[in-house]
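What follows is a short report on a single structure.
The values are calculated or read from the model by the stated rules, or taken from the named source; none is laboratory data. In this text, all values refer to a predicted model and were calculated from it rather than measured experimentally. Cβ coordinates were reconstructed from backbone atoms using ideal geometry, including for glycine residues, and neighbour counts include every protein chain displayed. Areas reflect the complete protein model, heavy atoms only, side chains present, ligands, DNA and RNA absent. Shrake-Rupley method; radii C 1.70, N 1.55, O 1.52, S 1.80 Å.
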Amino acid sequence: MASFKTVMKSGHPPTLFAAFLYFDFCFAIWVLNGAMGPFITEHYKLTPAQTGFMISLPILAGAIMRFPLGVLAQYIGRKNAAITEMSLIVLAMAYGFLLVHSFTDVLAMGVLLGIAGASFGVALSLGSGWFPAEHKGLAMGIAGAGNSGTVLAVLFAPPLAQAYGWQAVYGFAGLVMLIPLVVMIVFAQEPPDREHQSFREHVSCLFEKDGWAFNLVYVITFGGFIGLSNFLPTFFYEQFAVTKIEAGRLTMLAALMGSGIRILGGYFADRIGGILVLTVVLLAAVGSFLALTAAPTLLVTTILFMFCFAALGAGNGALFQLVPLRWPTNTAVAGSMIGEVGALGGAILPNAMGLSKQYTGGFAAGFLFYAAFTAIVLGGLALWSRRWVGVWVGPRGKALAAAGEAAPAPEETIGGVQRA
């Protein structure tokens, strides 16, 4: 088992750190409206359904923007794409600070927050691009742990909103965004794993069954993580009548678990196989969602969410251990495509929870829906993995080289034509 020091020596740690910081701050900005949900809901007297839609809009916008940014990164480089994106985010925060004065403006701001949500595929590919295949799971886990930006948002946004007004939080966020921008410019280096391919080759993963199998798994793991991260401040505030700041702190406990465990998910996926790790975490997620339908006490609910977030976070790391094994030459595009659909899945949960509250008076129906959906995807994973193992991945989802095996490359479908 390789030591952490050995893994770091195999790649370029400054680029990995810059990618982590880039993703961390982008993620914090992406979930700002969710972190400030109780403030915005109270200010504009929103219904539960309106709140769910308001919270889901940045998720939808970010999902839609991910794939185009991933394609752009293949042409101008991942470092340049990251710098471009962060510069646009600073401008978007200036708009939020100066020009948001109505609920319609909040919705428009939600679309602009989506710019930050587009960072996922580029950040992970940039961070892991210097590392060999047998260590990419850990490298992607470290870069992907930038989803701890949720913790920053729910920890700092509510107190700042309480003290200065929630619109002022956009201004603070724009200033803070300058930190990862400078770090990226100074310390990051473009990885050497970039290949010049045609646009048709770049988007080939869109026409492959494996890509859509990964999408469904990521709808659960990342979609559940981002959806819950955005909705939990509102959930705790309405379900248990805690203060807005306390709701943010309770959300922080759960989000912190999911962010930190993501690294372990990638690490154990490298060691024992991503497919095995995904199977375990999906089972844990089903159990967590079912237990939450019983509307337990605040303490038990918080513990269940921490357990659920840990499972979802580990699943995120495990899935992206598999992505560079399946698409070794266009990981940024494949990762962006999978991240895009997964984030779209994240928009399902806030809307489902809002509608559940509005039409049933509680949140149990929303949790039950997600538990059933997760169980279906778990069954699908068991079927899909049978044709993956020995073709492009080793037993239980380990890298073929690490498993000491050789196998032919998987067939790829481009424009309806298969090639070896």
Legend entry - Of 287, 346, 248, the one that fluctuates the most in a GNM where the chain has Cα springs shorter than 10 Å: 287
Legend entry - Partner lysines for residue 244 [C-alpha distance under 27 Å; skip if fewer than 8 residues away on the same chain]: 45, 357
Legend entry - Within the accessible area of segment 111-245 (1.4 Å probe), percent carbon and sulfur: 69
Legend entry - Estimated vicinal HN-Hα couplings, Hz - segment 73-79 in sequence order (Karplus 6.51, -1.76, 1.60; Gly, Pro = x): 4, 5, 9, 9, x, 5, 4
Inset, instruction - Estimate the FRET efficiency between residue 101 and residue 387 by the formula 1/(1 + (r/R0)^6), using the beta-carbon distance for r and 41 Å for R0, to the nearest 0.05. - result: 0.15
Legend entry - Surface per residue (accessible, 1.4 Å probe) for the chain, Å²: 36
Inset, instruction - Working from Cα positions, state the angle (0 to 90°, nearest 10) between the long axis of helix 103-117 and the longest principal axis of the chain. - result: 20
Inset, instruction - Measure nothing fancy, just the Cα-based angle from helix 13-30's long axis to the longest principal axis of the chain, in degrees from 0 to 90, nearest 10. - result: 30
Inset, instruction - In whole angstrom, note down how far apart the Cα centers of segment 272-291 and segment 12-64 are. - result: 25
Inset, instruction - Using only Cα atoms, tell me the angle between helix 331-360 and the longest principal axis of the chain; keep it within 0 to 90° and round to the nearest 10. - result: 30
Legend entry - Helical contribution to [θ] at 222 nm, DSSP H n ≥ 4, -39,500 (n - 2.57), averaged over the chain, rounded to 500: -26000 deg cm²/dmol
Inset, instruction - Please give the length that would be gained between residue 368 and residue 76 if that part of the chain were fully extended, namely 0.36 nm times their separation in residues minus their C-alpha to C-alpha distance (nm, one decimal). - result: 100.7 nm
Legend entry - Estimated dipole of the chain in Debye, rounded to 20 [Cβ of Lys and Arg +1, of Asp and Glu -1, Cα centre]: 440
Legend entry - Accessible carbon and sulfur surface of segment 1-70 relative to its total accessible area, %, 1.4 Å: 73
Legend entry - Highest-fluctuation residue, 337, 86, 140 considered, GNM on the chain with Cα pairs under 10 Å: 86
Legend entry - Residue among 185, 40, 89 with the largest mean-square fluctuation in a Gaussian network model of the chain, springs linking Cα atoms under 10 Å: 185
Inset, instruction - Among the lysines, select those whose C-alpha is under 30 Å from the C-alpha of residue 5, and discard any that sit fewer than 8 residues away in the same chain. - result: 79, 136, 398
Legend entry - Cα gyration tensor shape for segment 84-232, rounded if a/c is under 1.5, else prolate or oblate: prolate
Inset, instruction - Quantify, in whole percent, the carbon and sulfur part of the accessible surface of segment 253-395 (1.4 Å probe; protein heavy atoms only). - result: 78
